[in-house]
Amino acid sequence: MINSITLNLPAAGRKSFFLLLATMLSGSYSKAQSVGDVLLNVNYENGALNSGITEMNVTNATAADAVYMVQPGATGNYAIAHKVVYGDPGYYSNDNWRSESATNQYKPANFYPGDERRYEFSVLLKDWTPWKIGDPTNETNIFQLKMSGGAGVPLQVRTQRNVMRLRFAVDNNVPPVDIIPDVRPYVNQWIQFRIDVKWTDTATGYMKTYMKLPNQSNYVLVDDKINYTTYNKGPVGGDHGYIKWGVYVTPPDITRIVYHDDIKVIYLGGPVVPAFKQKTDEIVYASKSNLPRR
């Protein structure tokens, strides 16, 4: 016979306890994360602009073709395209020429100090207009590790002139790093990125950026920051971080189109993600052999 259990809790506490117990017994409770759990997997294989994630914002630009699906993708049937036509108000949003998707409202993919994450994505520069001497030098952003509320941006993957580069938070006072000296040979080809970050608001974190070009079989470390402040909250905003991808800023009189695919946020360590729930029929796990050794 099972002995009865007495709970010395107020009524509200007892209700919360039994709801939690029922959830756990039903099998829908999120277990603690392990290294390699995928918190976000955007592969567009359902053909939807939000890849089935209702909390994801696909763009704030109003032009009919500011965002659209393309075939094939980097590894599957679909990818997403973002487009900006300089001078056309349909491609102007959030105070600049931009069309970007963002996970600001998708809490499992947000980051905070103490989190360790891997970010992966594939990108293709579609029919990219090359820079010529005398042309404007405006940068075009294609991926961001972004902070909420206007705080400093920890990392941007950008093009300027014919170079692809990494730009970092202003507060860190570190120069940009050029990772592809000339993007022209790689136009209309998929480039893959992997970025490992330990998010800290002191100089105890790391940010390691890996890249795989079309002619490479393995990722190559292109930037390695250690003992580094990765989470610069600043005087305003910075309640959490999230990711954005698409087109942000374009030189005058230029049309920019960028494809993205296989966008993932992968758990490497830190506190349990409260809103995370494994979906065994959909989840795609990172290769354990490629994850940092604990």
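Only the coordinates and a few stated rules stand behind these numbers; no lab work does. Predicted model only: the values in this text are computed from it and were never measured. In this analysis, Cβ positions are derived from the backbone assuming ideal geometry, glycine residues included, and neighbour counts consider all displayed protein chains.
Extension gain for the segment Leu213 to Arg184, taken as residue separation times 0.36 nm less the Cα-Cα distance, is 9.2 nm to one decimal. Running Debye on segment 54-192 with equal point scatterers at the Cα sites and no solvent, what base-10 log of I(q)/I(0) appears at q = 0.14, 0.19, 0.22 Å⁻¹? Each listed q corresponds, in turn, to -0.78, -1.51, -1.77. Using a Förster distance of 41 Å, how high is the FRET efficiency between Val174 and Asp65, based on the Cβ-Cβ distance and rounded to 0.05? Once rounded, the FRET efficiency stands at 0.65.
Sort segment 117-173 into rounded, prolate or oblate with this rule: let a ≥ b ≥ c be the square roots of the eigenvalues of the Cα gyration tensor; rounded if a/c is under 1.5, and if a/c is not under 1.5, prolate when a/b is larger than b/c, oblate otherwise. Oblate.
About its Cα centre, segment 84-185 has a charge dipole of approximately 100 debye under the convention of +1 per Lys or Arg Cβ and -1 per Asp or Glu Cβ, with nothing else charged. Taking θ as phi - 60° and the Karplus parameters 6.51, -1.76 and 1.60, the scalar couplings of segment 188-197 work out to 6, 10, 7, 10, 10, 10, 9, 10, 9, 9 Hz in sequence order, x denoting glycine and proline.
For segment 170-252, what is the Kirkwood hydrodynamic radius in Å, using each pair of distinct C-alpha atoms?
Its Kirkwood hydrodynamic radius stands at 15.2 Å.
Most tightly packed first, judged by the mean number of other beta-carbon atoms within 10 Å of their residues, the peptides 64-73, 162-171, 241-250, 212-221 read 241-250, 162-171, 64-73, 212-221.
State whether segment 33-107 is rounded, prolate or oblate according to the following rule on the C-alpha gyration tensor (a ≥ b ≥ c being the square roots of its eigenvalues): a/c under 1.5 gives rounded; otherwise a/b larger than b/c gives prolate, and the remaining case gives oblate. The shape class here is oblate.
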